[in-house]
1. By how many nm would the segment from residue 122 to residue 248 lengthen if fully extended, with 0.36 nm per residue of separation less the alpha-carbon distance?
2. Among 299, 173, 40, determine the one that fluctuates most according to a GNM of the chain built with springs between C-alpha atoms less than 10 Å apart.
3. What residues qualify as long-range amide H neighbours of residue 183, i.e. H under 5 Å apart, gap of 5 or more or another chain, H built at 1.01 Å from N?
4. Suppose all protein chains stay in the model; what accessible area per residue would a 1.4 Å probe give for the chain, in Å²?
5. List, in order, the whole-Hz ³J(HN,Hα) value for each residue of region 94-104 obtained from phi through the Karplus relation with A = 6.51, B = -1.76, C = 1.60 and θ = phi - 60°; use x for Gly and Pro.
6. Tally up the carbon and sulfur contribution to the accessible surface of the chain as a whole percent, 1.4 Å probe, everything protein left in place.
7. Starting from the Cα coordinates of region 47-310, work out the convex hull volume and express it per residue in Å³.
8. Residue 166: which lysines have alpha carbons under 22 Å from its alpha carbon, excluding same-chain residues fewer than 8 sequence positions away?
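The values are calculated or read from the model by the stated rules, or taken from the named source; none is laboratory data. In this text the structure is predicted, and so the values were computed from the model without any measurement. When we count neighbours, we look across all protein chains shown, and the Cβ atoms used for this are built from the backbone with ideal geometry, even at glycine. All accessible areas refer to the heavy atoms of the entire protein, side chains included, with ligands and DNA or RNA removed. Shrake-Rupley method; radii C 1.70, N 1.55, O 1.52, S 1.80 Å.
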Amino acid sequence: MNPDMNLLDDKQDDALSGCPAETELAGRSSMCEGCPGQALCQQQSGVDPDQEFIDIRMNAILHKIIVVSGKGGVGKSTLAASLALALAQQKKRVGILDVDICGPSISQLMSVQGQKVINTQWGWKPLQSKHGKIKVMSVASLLDQAESAVVWRGPRKTQLIKQFLKNTFWGKLDYLIIDTPPGTSDEHLTVLKVLKNTRPDGAVIVTTPQTVAMDTIRKEIDFCNKMKLPILGLVENMSGFVCPCCQEITHVFSGNGLESLAKESKLTVLEKIPLDQALVRCCEDGESIFDRYPDSSVLNPLERLAQRFLQLPNR
Ligand code: ADP
């Protein structure tokens, strides 16, 4: 290699170390003078005018819990909705936000599909579920039927989520449960970026007992660690089928790797929720499991789960 080239690389490296491109000083620090990227950095840096507004809204909410899963179909939205119901049962003021733009299901689970979002002078008024007066905001309530979710990509998607968090008039809440798409996507990154000053309490990772689900959880854990998002714990859903006649538990799915994964990752298995037909019926009809099936096998685990979150320290 040409020694001059080497020298040039070293100089460039030296010059770049300490480059404030990722900081608030981007384009404004003394070392930016003469840098060809200065104008671009100046454009991209600075305080986001929306952020202050978002912080005010989010500061009125005591706890923000993000529900995530490594893959779809594990019951993440069901768990998010059931957790909201369980907290509302404890007389808490609860809101639920669905940022799963490609597959929103919270509107149906909370039975608010017919309602329209009203724009008031204080912002978008969340829909209200008749169960426990839970406030609901979902992309499904905002998009016209004709508008395909495919349209919502990249920056438009980011902007939509930001608008959700900026414009929705949640008022004072004890808990905001945020249902996210499966995996780790733009939606997660946007939510975390927007909540950077009013940090969420953490993530609940939902999974099923199959061994194949374990790898996807590892990725989810890794993502949370990289993003410095605390992990509140793991929830195993569809954890055994409780026979409606004799209450005997049958383990439908194989695999019991969750405990060892939790141990290895120093995480807690918060709860195991059984597979229960009553829960499916409630999800399909948009009803509360607490009202319709007070004897359901999922109620005790859901109540214990809610109790854990009632003990979250105030921030
Ligand atoms: P995800 O959000 O992970 O894609 P959903 O919450 O949409 O998953 O759930 C997928 C399906 O599994 C739904 O039909 C739901 O009713 C059902 N389901 C979820 N949890 C349970 C459970 N504990 N018992 C029985 N069915 C469940």
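1. 40.2 nm
2. Per the Cα network of the chain with a 10 Å cutoff, 40 tops the list.
3. Close amide H contacts, sequence-distant or interchain: 69, 70, 71.
4. 53
5. Residue by residue, region 94-104 yields 10, x, 9, 10, 9, 9, 7, 5, 7, x, x Hz.
6. Roughly 52 percent of what the probe reaches on the chain is carbon or sulfur.
7. Dividing the Cα hull volume of region 47-310 by its residue count gives 125 Å³.
8. Of all the lysines, those that pass the test against residue 166 - Cα under 22 Å, at least 8 places apart if same chain - are 64, 116, 125, 133, 135, 157, 193, 196.
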